[in-house]
Amino acid sequence: MLMALDVVAPALSGAIQGAVYGLLGLGLVLLYKSNRVFNFAQAEFGTSAAFAVLFADNGTGPLPNLPLPLAVVFGLLVATGLGLLTERLVVRPLFSAPKVTLVVATAGVTLLLISVQGFLAGAEPSVLQPLFAGDVFDTGSVRVTRQQLVIVLVLVVLAAASALFFSRTRTGTAIIAVSQEPTATSLVGISVTRTSSLTWGLAGLLGGIAGILLSGSTGFVSPGSLTGLALIPAFTAAVFGGITSLPGAFLGGVVIGVVEALAQSNIPKDVLPGSGRVVLFVALLSVLLIRPAGLLGKEA
Amino acid sequence: MTAVVDPPVGRTPPAAGPDRAAEAVARPRREFGPVRWVPRAVVLLALAWWALVYVPGTFAYSAFAADACIYAIIGLSLNIVIGYTGQLSLGHQGFVGVGAFAAAYSLTVQEVPFAATFVIAAGLAAVFALVLGLVALRITGLYLALITLVFGLTLEGSLFEIPRFTNGGAGQPADRPQFLFDDGRFYLFCLAFLVLACYVDYRLLRSKTGRALLALKENERVAEAFGINVTAFKLIAFTLSGALAGVAGALFAYRIGIVTGSGFGFFLALTFVLMTVVGGLGDRLGVIMGSSFFAVLPFLLEDSPLKRAEEAIAGVLSFGDAGTEANIIQFFPQALGALLLLLTLVQFPGGLAQQVRPFTDWLKGEPFDARALLPHRGSSGPGTVEGSSVRA
């Protein structure tokens, strides 16, 4: 039986889901650009931030009962702190180690963060209210919430801002210089360790923004929830758009989100179960085989 | 026996070498002659009795011991990719799953003889590895980690859910033949496969392929300049690794008796990488020990000194809050694994292998050198294994 293809609704929801992937992918691109490493802990910076918002908002444990905006600031601080801590305790001792070692270490950080979240909150999902309640529009088949609109806007602004940061500011240029030639960079007076701290702190912050917005949008947070929901598509999006290109993360995210949603809503489960993942795999393989630099990436 | 024992090339941790030699010259050791083999033989016989008689005879141990053997085979398989070739595979649970389903499907649905299911499992997993490797190994750098990761998840979410092969959510049964019903016997059966895997691994390292792999791990460009076909040898290693993982998958299927697709997720892949790295990349014994440890960790946390340590830690960290204490106990194995991994990478790059080296050296007839147990960062950097390092 041939069904009419279901296009408009999944494409729209896919694009919004893709914005989430792109937001997470932004941090991945930042760390690849600056450290030449895939950071598997990126999503967990986000989940930790979402938990921090939840705890601060509820006044759990020793925390005072903060109003939501302050709780969000607290969550972002936690995420940034986690980025800095990861850099100091794991990345810096492994500075001259092979990159594979560093990638394994970030996977270790992921596991550790998930278990700490588990220590504090348990395995059951906790309910998290969206920061921005209400819908932009809801036609029955298509529904866009305010939170989703904010995610898209934040992604556009952040992608543009961080692209400008790398191309226009001295600090951004210094980060690129360190990634290309650490020894020469320190010879001209740029502190390699401070640059490294800065990038990991920024990556933590980006992860935190993504985590708080996404968890508010799905309405729950549980240990490792972001890794499970979005890390792999975010990686695929980042590679698809060009792992060194910040606007590429945005574009890749949207493309991956749309294609994934179209596949899931049009390929029946009994023909091919898990079609979303198959699409991710095919997209990743084909982009790496045909154009390894990605849509907008260049070898730099 | 001469006073100064020449350390076998590459077996001694970098920092310990010269010091030990100097110390031996300064303070000549007593010579025991052939008598020194007596305590070593006693220890070896005790270990053999424990592994071959005591564990299979003890009902509570044998099922977990079988798990340990299966994990050890997976560890050895992953070690070929990470430890020898310097690539990172995060999709090995996919190959294990392919092996498990291939064995279960061919035994239960196609009614293939029991022995042949192992050949089918190894073959099919090897084909998957070969095809994935053909595509992925042409891309250099860290991308293999990403592709294998997505590959594993795709298998879990898609192929392992196709009802015709995997019986959907109900799972594909894989019943052991009559003579292996007993868990003790099944453990010995798995142990035999582990010995076989060790032999394959040993032969691999001592072949032209093994030397080529170690060379290309050190530096791909230099290896290529010496006429080594980098992609071809990586592909051989990856395929062999897939075959071993497939055999482990078949054993896994018979161990639990029914295979379901949901068990082969991302965290299993992480556990596999974790146990291999903590064991000590590139070192056969270390990898086997690391893998067995993570396999029996749930058992150790049921009843052992580790259980009491876990409860004590949970009690202190939770400040008396019962809910938090339960959470800590639930997530304890994961936290322990992650901490061990990070500690290994940052402080003890040689892994467990480095920690047991004084004992294994002693068993080989050398004096006991306790200083090799101390943390040290060798000049060759983290990931150092037998005088070499893992490279992207």
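Throughout, read-outs are computed from the coordinates displayed, never taken from laboratory work. These numbers come from a predicted model, not from an experiment. Positions of Cβ are backbone-derived with ideal geometry, glycine not excepted, and every protein chain shown enters the neighbour counts.
Here are the numbers:
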read-out: Neighbouring partner chain Cβ atoms per residue of A:235-246, average, 10 Å criterion; value: 1
read-out: Cysteines without a disulfide-compatible partner [chain B; Cβ-Cβ under 4.7 Å]; value: B:C198
read-out: Cα-derived Rg over Rh, computed across the protein assembly as shown with Rh taken as Kirkwood radius; value: 0.98
read-out: Exposure proxy order (Cβ contacts within 10 Å, fewest to most) of B:I120, B:I74; value: B:I120, B:I74
read-out: By average C-beta atoms within 10 angstrom, highest first, the peptides A:252-265, A:126-139, B:357-370; value: A:252-265, B:357-370, A:126-139
read-out: Quotient of C-alpha Rg and 2.2 N^0.38 Å, computed over region A:165-221; value: 1.50
read-out: Linear extension gain, B:S304 paired with B:F165, 0.36 nm per residue minus alpha-carbon span; value: 46.0 nm
read-out: 13 Å Cα cut-off, lysine pairs counted over the protein assembly as shown (separation 8 or more, or different chains); value: 4
read-out: Förster-model FRET efficiency, 35 Å R0, B:E224 and A:E181, C-beta, rounded to 0.05; value: 0.90
read-out: Helix B:37-49 vs. chain B, principal-axis angle (Cα, 0 to 90°, nearest 10); value: 10 degrees
read-out: Given 13 as the ceiling on other Cβ atoms within 10 Å, longest exposed-site-free region of chain A for trypsin sites (Lys or Arg not before Pro) in DSSP loops; value: A:1-268
read-out: Long-range Cα-Cα pairs in region B:153-226 (distance over 17 Å), rounded percent; value: 70 percent
read-out: Cα-based equivalent ellipsoid of region A:8-290: semi-axis lengths in Å, sorted from largest, via gyration tensor; value: 29, 24, 18
read-out: For region A:161-300, the spread of Cα positions along each principal axis, largest first, Å; value: 61, 38, 22
read-out: For peptides A:174-183, B:220-229, B:287-296, A:75-84, sequence by mean Cβ density within 10 Å, most packed first; value: B:287-296, A:75-84, A:174-183, B:220-229
read-out: nm² value of the averaged projected area, convex hull over the Cα atoms of region B:197-309; value: 9.2 nm²
read-out: Globularity index of region A:35-119, i.e. its alpha-carbon radius of gyration over 2.2 N^0.38 Å; value: 1.21
read-out: Averaged over B:158-164, number of beta-carbon atoms from partner chains that fall within 10 Å; value: 4
read-out: Whole-number D in µm²/s for region B:36-369 (Stokes-Einstein; Kirkwood sum over Cα pairs; 37 °C, 0.692 mPa s); value: 157 µm²/s
read-out: Reduced Cα scattering model of region A:95-150, Debye log10 I(q)/I(0), q = 0.12, 0.18, 0.23, 0.29 Å⁻¹; value: -0.61, -0.77, -0.87, -1.06
read-out: Exposure proxy ranking, count of Cβ atoms within 10 Å, fewest first, for B:Y187, B:Y202, A:Y21; value: B:Y202, B:Y187, A:Y21
read-out: Chain A: relative contact order in percent, alpha carbon pairs under 8 Å with at least 6 residues between; value: 35 percent
read-out: Largest-first principal axis extents of the Cα set of region A:99-190 (Å); value: 60, 37, 20
read-out: Average beta carbon contacts from partner chains per residue of A:88-101, 10 Å cutoff; value: 6
